[in-house]
Amino acid sequence: MMTCCINPSILSADFVNLESELGRIRTADAVHVDVMDNSFVPNLTLGLPVVKRILAVSPVAVDIHLMIDDADRWAPAYAEAGASSVTFHAEAAAAPVRLARELRSNGAKAGMALRPATPVEPYLDMLPELDLLLIMTVEPGFGGQSFLEMTLPKIRRAADAVRGSGLSVAIQVDGGITEETIVRAAEAGATVFVAGSAVYGDADPEAAIARLRKAAAGA
């Protein structure tokens with residue numbers, strides 16, 4: 001049984017004060033950084049120069065989620081910069097196995113993300129190449145959305161496949177994670193939880209992290 005991890009998303013943080021915002025989540029397992037290009041998703045956030053500064057000042061590991069086109073070209077630079085994990089979208093990678101291996105060779109954990117409507121089954125043979133499988137529980141692009149219950153069976157199938165493989169691949173979920181939905185996601189088999197507004201929308205982000213951790217652990 002893998003330990004549950006809480007990775008707050010800075011998508012819900014104050015972008016003008018990122019260093020102090022990172023300091024508010026010192027008890028998190030990692031900070032989740034969404035890189036969006038206004039092409040793969042209809043939103044634009046930040047890129048490699050800002051990520052490099054986050055890496056330099058973050059008190060916790062940095063978990064990069066690339067919601068960008070042409071991941072094969074751009075993802076390796078985030079691993080080279082020192083990110084703990086780099087997750088690309090299956091829908092945006094031409095050669096996902098090669099890319100996952102390149103990320104690992106550059107020192108990062110390799111993650112692959114699937115949109116809510118993308119089935120997991122075609123990618124299960126790739127599990128040995130991955131450290132993390134991200135099941136999006138909202139349509140990627142914006143924070144503050146409601147959790148999609150339709151993703152629970154997919155989380156369950158992914159978790160069953162990981163257990164059956166004997167591999168230590170984390171099942172990450174991202175989108176609409178609250179103290180209520182984290183329980184359902186954990187029961188389905190998720191082990192890493194990305195929470196934005198549930199953490200940064202709280203007056204005490206570290207207390208929110210503790211509550212989420214307790215809720216997931218009790219599932």
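Tabulated data for the structure shown
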| read-out | value |
| --- | --- |
| Extended-chain gain in nm, criterion 0.36 nm per residue less alpha-carbon gap, residue 146 and residue 168 | 5.0 nm |
| Cα-projected label distance for residue 38 with residue 50, points at 7 Å along beta-carbon direction, nm | 1.2 nm |
| Between the range 75-114 and the range 155-217, the Cα center-to-center distance that results, in Å | 21 Å |
| Gain in span if fully extended, residue 124 to residue 20, counting 0.36 nm per residue against the direct Cα distance | 33.5 nm |
| Approximate shape of the chain as ellipsoid semi-axes (Cα gyration tensor, √5λ), whole Å, largest first | 23, 22, 16 |
| Relative contact order [Cα under 8 Å, 6+ residues apart], the chain, whole percent | 21 percent |
| Computed magnitude of the charge dipole of the chain (debye, nearest 20; Cβ of K, R +1, Cβ of D, E -1) | 440 debye |
| Charge tally in the Cβ shell below 15 Å around residue 204, where Lys, Arg are +1 and Asp, Glu are -1, residue 204 excluded | +1 |
| Footprinting exposure proxy for 157, 26 (fewest neighbouring C-beta atoms within 10 Å first) | 26, 157 |
| Neighbourhood net charge (13 Å Cβ-Cβ; Lys/Arg +1, Asp/Glu -1) for residue 142 | -3 |
| Cubic angstrom per residue, convex hull over Cα atoms of the range 140-219 | 89 Å³ |
| For the range 28-115, alpha-carbon Rg and Dmax in angstrom | 11.8, 34 |
| Within the chain, helix-based [θ] at 222 nm, where runs of 4 or more DSSP H residues each add -39,500 (n - 2.57), nearest 500 | -10000 deg cm²/dmol |
| Within a Gaussian network of the chain (alpha carbon springs, distance under 10 Å), most fluctuating of 17, 38, 106 | 17 |
| Formal net charge of residues neighbouring residue 113 (Cβ-Cβ distance under 9 Å; K, R +1; D, E -1) | -1 |
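Read the figures in this text as sums done on the coordinates, not as results from a lab. Remember, predicted model here, so these are calculated numbers, not experimental data. Neighbour counts run over all protein chains shown; Cβ positions are idealised from the backbone, glycine included.
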